[in-house]
Amino acid sequence: MKISCLLGSPRQKGNSAAIAGRFTQTAASLGAEVENIELNQLVYRGCQGCMSCKTISDNCVLVDGLSDVLESLKKADVVVMAMPVYCSDVPGQVKCFLDRTFSYLKPGYLSEGSPSRVPAGKKLVFIITQGAPVESLFAEIPRKYQDFLKRSMAFGETYLI
């Protein structure tokens, strides 16, 4: 089993990274191949809205620190997205990544039964942390992104930690 863990916090040793580390260490001890990706350590841009991924290419045409990550995620069985909540939403590092997964969608994604270029059946694990003890401040985040990620990355099951 291949697990790709996207760490979306600008803090390398923050709470979301600590929880994700515990998750991936346990998975590795059980035989999983784990790849940790610190989004804040990469140099990349968000989607440019050029539509090249729908017209001239089967992937994002931007060449930057996210290019290899986008290719690697296609091969993962499980994707872990670990992040803190900033301003009641995902941090900018994660939002730019999410926008770039638009390239996973086929040109006719709105009308196709199978809209993703990514093999189906992956599992998604959201690890979301925040400082305020009020769940309603972040409860909408998984719902907000889950439907898009199910289409773009062909996730079958989603788990929230």
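Descriptive notes on the structure:
- Residue match in the range 93-106 (condition: open to solvent by 10 Å² or more (accessible area, probe 1.4 Å), touching a Ser or Thr at 6+ places or on another chain (Cβ under 7 Å) and not charged (D, E, K, R)): yes
Residue by residue, here is whether (1) out of contact with any strand residue (DSSP E or B) (no Cβ under 7 Å at 6 or more places or on another chain); (2) closer than 20 Å to residue 124 by Cβ; (3) surrounded by 19 or more Cβ atoms within 10 Å (Cβ to Cβ) holds:
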| position | (1), (2), (3) |
| --- | --- |
| 21 | yes, yes, no |
| 25 | yes, yes, no |
| 29 | yes, no, no |
| 58 | yes, no, no |
| 63 | yes, no, no |
| 75 | no, yes, no |
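- Qualifying residue in the range 41-60 (condition: within 14 Å of the chain's Cα centre (by Cα) and either in a helix (DSSP H, G or I) or more than 19 Å from residue 90 (Cα to Cα) (or both)): no
- Of the numbered criteria (1) in contact with a helix residue (DSSP H, G or I) (Cβ under 8 Å, 6 or more places away or on another chain); (2) closer than 27 Å to residue 103 by Cβ, the one residue 11 fails is (2).
- Subset of the range 108-147 [within 21 Å of residue 83 (Cα to Cα), open to solvent by 50 Å² or more (accessible area, probe 1.4 Å) and among the hydrophobic types (A, V, I, L, M, F, W, C)]: 134, 137
- If you go through the range 31-49 and keep only what is among the hydrophobic types (A, V, I, L, M, F, W, C) and surrounded by 14 or more Cβ atoms within 10 Å (Cβ to Cβ), you end up with 32, 34, 37, 39, 42, 47.
- No other residue among 118, 78, 85, 90 is farther than 22 Å from residue 151 by Cβ and hydrophobic (A, V, I, L, M, F, W, C) apart from 85.
- Taking the criterion of being open to solvent by less than 10 Å² (accessible area, probe 1.4 Å) and small (Gly, Ala, Ser), the only residue of the range 77-92 that qualifies is 82.
- In the range 50-75, the residues that are within 14 Å of residue 108 (Cα to Cα) and at pLDDT below 95 form Cβ pairs under 7 Å with partners that are among the charged types (D, E, K, R) and buried (at least 16 other Cβ atoms within 10 Å of the Cβ), at six or more places apart or across chains, as follows: 58/117.
The values are calculated or read from the model by the stated rules, or taken from the named source; none is laboratory data. Since the structure is predicted, the reported quantities are computational estimates derived from the model, not experimental observations. Note that each Cβ is placed from the backbone with ideal geometry, even for glycine, and that neighbours are counted across all protein chains shown. Accessible surface areas use protein heavy atoms only, side chains included; no ligands, DNA or RNA. Shrake-Rupley method; radii C 1.70, N 1.55, O 1.52, S 1.80 Å.
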